[in-house]
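The values are calculated or read from the model by the stated rules, or taken from the named source; none is laboratory data. What you see is a predicted model, and the numbers here were worked out from it, not measured in a lab. Because the Cβ atoms are built from the backbone with ideal geometry, glycine has one as well, and the counts that use them run over all protein chains shown. Heavy atoms of the whole protein, side chains included, go into the accessibility calculation; ligands, DNA and RNA do not. Shrake-Rupley method; radii C 1.70, N 1.55, O 1.52, S 1.80 Å.
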Amino acid sequence: MSKRLRSPEVCADCSVQDPRWASINRGVLICDECCSVHRSLGRHISQVRHLKHTPWPTTLLQMVQTLYSNGANSIWEHSLLDPASILSGKRKANPQDKVHPNKAEFIRAKYQMLAFVHRLPCRDDDSVTAKDLSKQLHSSVRTGNLETCLRLLSLGAQANFFNPEKGSTPLHVAAKAGQILQAELLAVYGADPGTPDSAGKTPIDYARQGGHHELADRLVEIQHELTDRLAFYLCGRKPDHKNGQHFIIPQMADSSLDLSELAKAAKKKLQSLSNHLFEELAMDVYDEVDRRETDAVWLATQNHSTLVTETTVVPFLPVNPEYSSTRNQGRQKLARFNAHEFATLVIDILSDAKRRQQGNSVNVSKDNIELVLKSISNQHSSESQDNDQPDYDSVASDEETDQEPLPNKTSREKSLDADVADGAVTVQEFLNVKNALVASEAKIQQLMKVNNNLSDELRIMQKKLQTLQCENTNLRRQATSNLYQIPAGSEYTDLSNPSAIKKRPSARSSRPMSMYETGSVQKPYLPLGEVTYPEENINRLQPFPQHIGRSAFVTSSSSLPSFPSTLSWSRDESTRRGSKVEKQNSMPGSDYDNTVHESELDEIRYGCVKMKLSHIII
């Protein structure tokens, strides 16, 4: 491994000093926190490696460092360099921001959505634009300008583009020119070193013809990158390609599994796949190996008290929207394989890859193939139930489920426990399934009981809520009525004190009198601030009988009214009392009180006689 550049380095996403991880396909260095977000995006977005604890090919690390030092990060943050972006609210994450959601949202926008990449003018046909970009890439790889090629790849140029005019791919051009770093960049973006040109030669052939032996050896390693990575994962060794050794098939320490019927049936399924489906399965296993190795490095280099949390763990392969839903489900189920099961799958893939590479055929009878396919179809119903488990992310599209052949699905979901259905069902297996079913039913009953208890508690709480609402309403009414009570010490009588209320002789006496009823008089005028009650202080005057005319009144200098003589009063007194009683009896339930008390009549009689005598004396 070559040494890193000693120039000051900062994280490309948040500017933290001394980043320890690298994103290979983006050509940037990142810190631990940003690396956790990169890993959650998936290898199709960002391919991360630790700078110290991961084995690096020398030229690959040199390619990443060259891109970083030449400003590759400006490709992904092009629009953020414009001062107008500050006014629009766009800004780069800083070290003080939280990983979630600040840094995570910025990284997703930067690499997944390509929100800050320079956009070309829109055209009617996007394929023409991609073709033009690929032609520019075909011409640019002959130079050492890596950032120009990375910019073209970010805009949509194809690394495997075959130029019909030149009859070659960009990797052919880079191999002829001896541009090993350009070859590394093209290989990261999917260029195939084994693709022949119009003359039938591969980039490896042109590199050897040009005397670029280091480049030729590196292209051979790139060509066998998948099988080399799988073999290194199991045994820590890589094949010696210079001496013609291209495959290493590790052997399990416990080979008893290889002799079982389950292992034989699994190998038959794997061998029955087409080359295209086998390549997809091998790439999915390669991604799972990368995830497991990166997890091991991540856990070994992090501060467990701060960084290793649920948000930084990647429990399975993230969803790739370019893949079908069935393939994404199969990729995620690879995380359920334990170490022994996953090692067995890797060995089977290495063995079959070597067989397919050498062109050896499989000696499998037609009856065996039919038996394998029949067992696969029997497993389809049971395995489809496992796909409904909520252990995985939502996948890209459910419409593509039936577009992929069934053997590919079953081979990626192959597990030692799932292959039991290949043979006859034993009594012990039946009892195990029955016990599991009984346990599940008991669990369901328990959950239903808990649900009923919660429903009862909910009803009780609702009743309590209604009671409290009623009490609240009553308290509001009482509070409203208290607002109209007369405070103590005021000029009005306190109605809440029974002793303060003057009892009236009649039940009708508490009603107000009307000036339009017989027996009522006009209330006297009182100065401002003085309040009195007619029932207590004012002697009510009753109207005179009709036979007494206006001539009976004598005007005096006093402000009091004059009264008739004593003789006329005494003569009509009995008549007036009788008519008064008769009128009161003939008006039951009246809304106004017309009753005249006996004490009031005596006072009026006495006052009239006294004033009449004084008038006579005068």
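Observations on the structure shown:
- Filter result for HIS100 (open to solvent by 70 Å² or more (accessible area, probe 1.4 Å), in a helix (DSSP H, G or I), modelled with pLDDT under 95 and not polar (S, T, N, Q)): yes
- Meets criteria (assigned to a helix (DSSP H, G or I) and open to solvent by 20 Å² or more (accessible area, probe 1.4 Å)) for LEU226: yes
- Qualifying residues in segment 412-432 (those that are in a helix (DSSP H, G or I) and open to solvent by 100 Å² or more (accessible area, probe 1.4 Å)) - the one modelled with the highest pLDDT: PHE430
- For segment 223-244, the criterion of being farther than 21 Å from ALA282 by Cα, of a type outside the set (Ser, Thr, Tyr) and at pLDDT 95 or above is met by no residue.
- In segment 192-217, the residues that are closer than 19 Å to HIS241 by Cα form Cβ pairs under 6 Å with partners that are open to solvent by 70 Å² or more (accessible area, probe 1.4 Å) and in a helix (DSSP H, G or I), at six or more places apart or across chains, as follows: PRO193/GLN223; GLY194/GLN223; TYR206/LYS176; ALA216/ARG208.
- Take the conditions (1) out of contact with any Gly (no Cβ under 9 Å at 6 or more places or on another chain); (2) open to solvent by 30 Å² or more (accessible area, probe 1.4 Å); ALA174 misses just one of them, which is (2).
- Among all residues of segment 312-335, there is none that is modelled with pLDDT of 50 or more, open to solvent by 70 Å² or more (accessible area, probe 1.4 Å), under 30 Å from ILE248 (Cβ atoms) and more than 26 Å from the chain's Cα centre (by Cα).
Each row is one residue, and each column tells you yes or no for (1) touching a Cys at 6+ places or on another chain (Cβ under 7 Å); (2) under 17 Å from HIS44 (Cβ atoms); (3) not in a helix (DSSP H, G or I).
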residue	(1), (2), (3)
LYS268	no, no, no
LEU277	no, no, no
VAL285	no, yes, no
ASN303	no, no, yes
PRO315	no, no, yes
ASN320	no, yes, yes
GLN329	no, yes, no
SER351	no, no, no
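- Top-ranked residue of segment 2-18 - restricted to ones that are on the phi < 0 side of the Ramachandran plot and out of contact with any strand residue (DSSP E or B) (no Cβ under 7 Å at 6 or more places or on another chain), ranked as modelled with the highest pLDDT: CYS14
- Those helices (runs of 4 or more DSSP H) lying entirely in segment 124-197 with at least 1 residues over 23 Å from HIS224 (Cβ atoms): 126-140, 146-155, 170-177
- Test: GLN209 is surrounded by fewer than 17 Cβ atoms within 10 Å (Cβ to Cβ) and not acidic (Asp, Glu): yes
- Members of segment 139-173 that are closer than 23 Å to VAL64 by Cβ and in contact with a Lys or Arg (Cβ under 7 Å, 6 or more places away or on another chain): VAL173
- Test: residue in segment 128-147 that is farther than 30 Å from ILE222 by Cβ and at pLDDT below 95: yes
- So LEU307, is it out of contact with any helix residue (DSSP H, G or I) (no Cβ under 8 Å at 6 or more places or on another chain), at pLDDT below 90, within 26 Å of PRO55 (Cα to Cα) and among the aliphatic types (A, V, I, L, M): no
- Any hit, segment 242-263, residues being open to solvent by 30 Å² or more (accessible area, probe 1.4 Å), in contact with a Pro (Cβ under 6 Å, 6 or more places away or on another chain), under 25 Å from THR54 (Cβ atoms) and free of Cβ contacts under 8 Å to residues at least 12 places away in the same chain: yes
- Where a residue in segment 114-132 is within 21 Å of ASP82 (Cα to Cα) and its partner, wherever it lies, is in a loop (DSSP other than H, G, I, E, B) and modelled with pLDDT of 65 or more, with Cβ under 7 Å and at least six apart: PHE116/GLU77; PHE116/HIS78; VAL117/HIS78; HIS118/HIS78
- One residue stands out in segment 33-49 among those that are among the β-branched types (Val, Ile, Thr) and not in a strand (DSSP E or B): the one that is surrounded by the most Cβ atoms within 10 Å (Cβ to Cβ), namely VAL37.
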